[in-house]
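Notes follow the structure.
The values are calculated or read from the model by the stated rules, or taken from the named source; none is laboratory data. Everything numeric here is computed off the predicted structure, so don't read it as measured data. All Cβ positions, even for glycine, are placed from backbone atoms using ideal geometry, and neighbour counts span all protein chains on display.
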Amino acid sequence: MRERKIYWFTGQPGAGKTELALRLKEYLEQINNEDVFHIDGDNLRNLFKNINYDREGREENIKRAQDIAKFIYSQGYDVIVSLVAPYKELRDKFKEELKTGLVEIYVYTTNIRGRENYHTNEYSAPSENYIDIDTTDINPEESLFEILSETNLIVNLPRESKTYQIRYNTISKDDTERWRLIENGNEILVSDVIVNGYTRTTKDWMSEINDYKWHVSCVGYCEVINNVAYINS
């Protein structure tokens, strides 16, 4: 049985912590068939009416999240935390206490995303024993794939190798059913296809075959998560 963990997403506002936390939550619930708990910093502040953003208020929010996460983890559940948590010394102390039970994931970007006025000058990035996720030039699906690979969660994907035909869905009215994944007559509609960790876009494949009624064959094992097909060949 896979060891349960606390996955702590840290980084400045707007980097993508909460979105990745929710995607990881859905993935873990799918492979474990059990609840995974998510603690979000903003929700925690709202719940306990903590509107103090100076050091005292931030430390209170961080320690409260740590206590709740540790308790749920002790009951045998995966816990995901998305919290700025700017103080490296508090995060390092918690990592030392949990040992291998905690995975720190540092999420950051150089893009302007409209949350910069919420950034804190007190933030100190991790220096060791963490997963580095730069969301500047990769989409959430690719970011999730990096996290799954770094944490060895990708080994939970089915290992049966099959041949898939990937077709552009010409009748789709939006991007939620952009691709048709066909295997032995069975068809799945997905929004994106990621092969070996990289998104294959319409432009990528259209440069190979100049016809929207084309198909590409790909041999590997596949898992569909969050309406995205992950193929490893």
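Going by the conditions given, is Lys49 surrounded by fewer than 20 Cβ atoms within 10 Å (Cβ to Cβ) and touching a residue at least 24 places away in the same chain (Cβ under 8 Å)? Before you say what the answer is, go through the steps one by one.
Working: surrounded by fewer than 20 Cβ atoms within 10 Å (Cβ to Cβ): yes; touching a residue at least 24 places away in the same chain (Cβ under 8 Å): no.
Criteria not met by Lys49.
Of all residues being touching a helix residue (DSSP H, G or I) at 6+ places or on another chain (Cβ under 8 Å) and in a helix (DSSP H, G or I) in the stretch 24-41, which is surrounded by the most Cβ atoms within 10 Å (Cβ to Cβ)? Just the residue, please.
For the stretch 24-41, the residue satisfying everything is Leu24.
So, Ile194, is that one under 15 Å from Asn226 (Cα atoms), β-branched (Val, Ile, Thr) and either modelled with pLDDT under 75 or surrounded by 15 or more Cβ atoms within 10 Å (Cβ to Cβ) (or both) or not? Quick ask: steps written out before the conclusion?
Values: under 15 Å from Asn226 (Cα atoms): yes; β-branched (Val, Ile, Thr): yes; either modelled with pLDDT under 75 or surrounded by 15 or more Cβ atoms within 10 Å (Cβ to Cβ) (or both): yes.
It is true that Ile194 is under 15 Å from Asn226 (Cα atoms), β-branched (Val, Ile, Thr) and either modelled with pLDDT under 75 or surrounded by 15 or more Cβ atoms within 10 Å (Cβ to Cβ) (or both).
Does Asp92 qualify as being closer than 25 Å to Asp132 by Cα, of a type outside the set (A, V, I, L, M) and assigned by TED's automatic domain parsing to the domain that holds His119?
Numbers: closer than 25 Å to Asp132 by Cα: yes; of a type outside the set (A, V, I, L, M): yes; assigned by TED's automatic domain parsing to the domain that holds His119: yes.
Taking the combined requirement at face value, the residue satisfies it.
Is it fair to say Asn152 is under 23 Å from the mean Cα position of the chain (by Cα) and modelled with pLDDT of 70 or more? Talk me through it step by step, then tell me what you get.
Numbers: under 23 Å from the mean Cα position of the chain (by Cα): yes; modelled with pLDDT of 70 or more: yes.
Considered against the rule, which asks whether it is under 23 Å from the mean Cα position of the chain (by Cα) and modelled with pLDDT of 70 or more, Asn152 comes out as yes.
Going through the stretch 52-86 one residue at a time, which ones are of a type in the set (Ser, Thr, Tyr) and crowded, with 18+ Cβ neighbours inside 10 Å?
Step one: list which residues in the stretch 52-86 are of a type in the set (Ser, Thr, Tyr), which gives 53, 73-74, 77, 82.
Passing the criteria: Tyr73, Tyr77, Ser82.
Could you list all residues from the stretch 140-157 that are of a type in the set (S, T, N, Q) and surrounded by 15 or more Cβ atoms within 10 Å (Cβ to Cβ)?
Our first condition is that a residue be of a type in the set (S, T, N, Q); within the stretch 140-157, this holds for 143, 149, 151-152, 156.
Hits for the stretch 140-157 are Ser143, Thr151, Asn156.
Output the number of residues of the stretch 77-124 satisfying the condition of being among the small types (Gly, Ala, Ser), part of a loop (DSSP other than H, G, I, E, B) and at pLDDT 95 or above. Don't jump to the end; show me each part of the working.
Within the stretch 77-124, the subset among the small types (Gly, Ala, Ser) is 82, 85, 101, 114, 124.
Now restrict to residues that are part of a loop (DSSP other than H, G, I, E, B): 85, 114, 124.
Within this subset, residues satisfying the condition of being at pLDDT 95 or above are 85, 124.
Residues in the stretch 77-124 being among the small types (Gly, Ala, Ser), part of a loop (DSSP other than H, G, I, E, B) and at pLDDT 95 or above: 2 in total.
Please list, ordered by first then second residue, the pairs with beta carbon atoms under 7 Å, 6 or more apart or interchain, first in the stretch 113-142 and touching a residue at least 12 places away in the same chain (Cβ under 8 Å), second assigned to a loop (DSSP other than H, G, I, E, B) and among the polar types (S, T, N, Q).
Close Cβ pairs (under 7 Å, with a partner that is assigned to a loop (DSSP other than H, G, I, E, B) and among the polar types (S, T, N, Q)) amount to His119/Gln12; Tyr123/Gln12; Asp134/Thr109; Thr135/Thr109; Thr136/Thr109; Thr136/Thr110; Thr136/Asn111.
Could you please find all residues in the stretch 180-191 being surrounded by 20 or more Cβ atoms within 10 Å (Cβ to Cβ) and at pLDDT below 75?
The one that is surrounded by 20 or more Cβ atoms within 10 Å (Cβ to Cβ) and at pLDDT below 75: Leu181.
Determine whether Tyr123 is within 20 Å of the chain's Cα centre (by Cα) and not hydrophobic (A, V, I, L, M, F, W, C).
Numbers: within 20 Å of the chain's Cα centre (by Cα): no; not hydrophobic (A, V, I, L, M, F, W, C): yes.
Judged against the criteria, Tyr123 is not a match.
If you scan the stretch 1-59, which residues turn out to be among the β-branched types (Val, Ile, Thr) and over 14 Å from Leu83 (Cβ atoms)? Don't jump to the end; show me each part of the working.
Going residue by residue through the stretch 1-59, those that are among the β-branched types (Val, Ile, Thr) are 6, 10, 18, 31, 36, 39, 51.
Correct list: Ile31, Val36, Ile51.
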